[in-house]
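Structure first, then comments.
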């Protein structure tokens, strides 16, 4: 399957995860100090973000490639499906995952 997703996380929204056949994308929220009982990995994903983030993901099954774009600065990370390699993206950066291999950030 092919697809394109535009992810917009306005201030006050929660973190977002997107998975494709080639990659996993996370837009994390800021870690709030007022919720110590929640585990750090869940807190960072589900706590409200303090600033807006935007990202786009495009998957093309004919080339077995996923491309992720960070449209704004934010806590945006991309990994391969096996979580062997993860990179963080800043606004204006992009990275591709082809045949399960995470490429270089551009």
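FYI, it's all coordinate maths here, none of it is from the lab. No experiment lies behind these values; they were computed from the predicted model shown. Cβ sites come from the backbone with ideal geometry, for glycine too, and all protein chains shown count toward neighbours.
Couple of notes before you dig in:
- Extension gain, residue 106 to residue 1: 0.36 nm times the residue separation minus the Cα-Cα distance gives 35.3 nm.
- Of the peptides 58-68, 80-90, the order by per-residue mean of other Cβ atoms within 10 Å, starting with the highest, comes out as 58-68, 80-90.
- Using 0.36 nm per residue and subtracting the Cα-Cα separation, the extra length available between residue 17 and residue 99 on full extension is 27.5 nm.
- Fully extended contour minus Cα-Cα distance, from residue 63 to residue 8, at 0.36 nm per residue: 17.2 nm
- Sequence of 101, 18 once ranked by neighbouring C-beta atoms within 10 Å, starting from the fewest: 101, 18
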